[in-house]
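A quick write-up on the structure given underneath.
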Amino acid sequence: MSETKDKIVSLADKLIRVKGFNAFSYKDISDPLEVKNAAIHYHFPSKADLGIAVVDDEMERFSRNTTSWNKLPEDRQLANLFEVFRRHCRAGNVCLMGSLAPDYETLTPAMQTKIQAMADAIVEWVSHLLEQGRKNKRFHFKGTARDRALLVISNLQSSLLLSRVMGPETFDRISHQLLEDLCA
């Protein structure tokens, strides 16, 4: 990616996480980057193209992270995922999937497909991690790993939202309790 394109994707990511996809315009990107709207349209002819690039960028980051963690014990890998969410909390962000979900029905089919693929990949990774951790006696929980993964992910997402209202310690309390419940 070009430097300008990277900056556009990075700022769009931040705007989606803070304001929501439908709540920002290309002007919200062009002004702080001091570029013309035409420069943004050159790289991303439609806002959906930009949204897809943001999701792709997030999935590349997720893949790099999970690949680098895969030699660690499962409880450490999960703690690393929680740390990614903690950093977003400290930055005042919500997770990308959680931010895009309210706008989901208004998005293009191509963008909806990308978001669905992102959700599937994350749930699949957490499910596999939980199942392996249970086999290795690092995690203890009832039910299927997939159902537990859905609970973990939904708790992480909602903890970011609650932290906006109740303060960042809310995230810390929820994430600590999640890990304690799984590792007990």
* **Relative intensity, log₁₀ I(q)/I(0), of region 4-52 from a Debye sum that treats every alpha carbon as a point, q = 0.18, 0.24 Å⁻¹** => -0.44, -0.82
* In degrees from 0 to 90, rounded to the nearest 10, what is the angle of the helix 74-90 Cα long axis to the longest principal axis of the chain? -> 40 degrees
* To do: Could you state the angle between the C-alpha long axis of helix 109-135 and the longest principal axis of the C-alpha atoms of the chain, as a value from 0 to 90 degrees rounded to the nearest 10?
  => 20 degrees
* To do: Please report, largest first and rounded to whole Å, the three semi-axes of the ellipsoid equivalent to region 27-152, where each semi-axis is the square root of five times an eigenvalue of the C-alpha gyration tensor.
  => 33, 16, 12
* Unit charges on C-beta of K, R, D, E only; dipole of region 1-94, Debye -> 240 debye
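Once fully extended, how much extra length lies between LEU72 and HIS41, figured as 0.36 nm per residue of separation less the alpha-carbon to alpha-carbon distance?
Net length gain for the segment: 7.0 nm.
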* To do: Show that you can apply the helix-only estimate: for the chain, add -39,500 (n - 2.57) for every DSSP H stretch of four or more residues, divide by all residues, and state [θ] at 222 nm to the nearest 500.
  => -25000 deg cm²/dmol
* **Debye-sum result for region 14-93 in log10 I(q)/I(0), which assumes one identical scatterer on each alpha carbon, at q = 0.14, 0.15, 0.18, 0.24 Å⁻¹** => -0.62, -0.69, -0.86, -1.15
* Value of relative contact order over the chain, rounded to a whole percent, pairs C-alpha under 8 Å and six or more apart -> 23 percent
* Work out the P(r) tail for region 90-184: percent of alpha carbon pairs separated by more than 20 Å, whole number. => 46 percent
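Would you mind getting the accessible area per residue of the chain, heavy atoms of the protein chains only, 1.4 Å probe, in Å²?
Working: 9830 Å² over 184 residues.
Accessible area per residue, the chain: 53 Å².
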* Asked: For the chain, with only Lys/Arg (+1) and Asp/Glu (-1) charged at the beta-carbon, what is the dipole magnitude about the Cα centre, in debye rounded to 20?
  -> 400 debye
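Leaving ligands, DNA and RNA out of it, report the carbon-plus-sulfur percent of the accessible area of the chain at a 1.4 Å probe.
55 percent
Which loop GluC sites (Glu not before Pro) in region 1-109, with loop taken from DSSP, have no more than 12 other Cβ atoms within 10 angstrom of their Cβ? Present the calculation step by step, with values, prior to reporting the outcome.
Details: sites: GLU3, GLU34, GLU58, GLU60, GLU74, GLU83, GLU105; in loops: GLU34.
Of the GluC sites (Glu not before Pro), the ones in loops of region 1-109 whose Cβ has at most 12 other Cβ atoms within 10 Å are GLU34.
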* To do: Could you tell me the largest-minus-smallest coordinate of the C-alpha atoms of region 130-184 on each of the three principal axes, in descending order and whole angstroms?
  => 37, 18, 14
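The values are calculated or read from the model by the stated rules, or taken from the named source; none is laboratory data. None of the values given here were measured: they were computed from a predicted structure. As a convention, Cβ positions derive from the backbone with ideal geometry for all residues, glycine included, and neighbour counts pool all protein chains shown. Areas reflect the complete protein model, heavy atoms only, side chains present, ligands, DNA and RNA absent. Shrake-Rupley method; radii C 1.70, N 1.55, O 1.52, S 1.80 Å.
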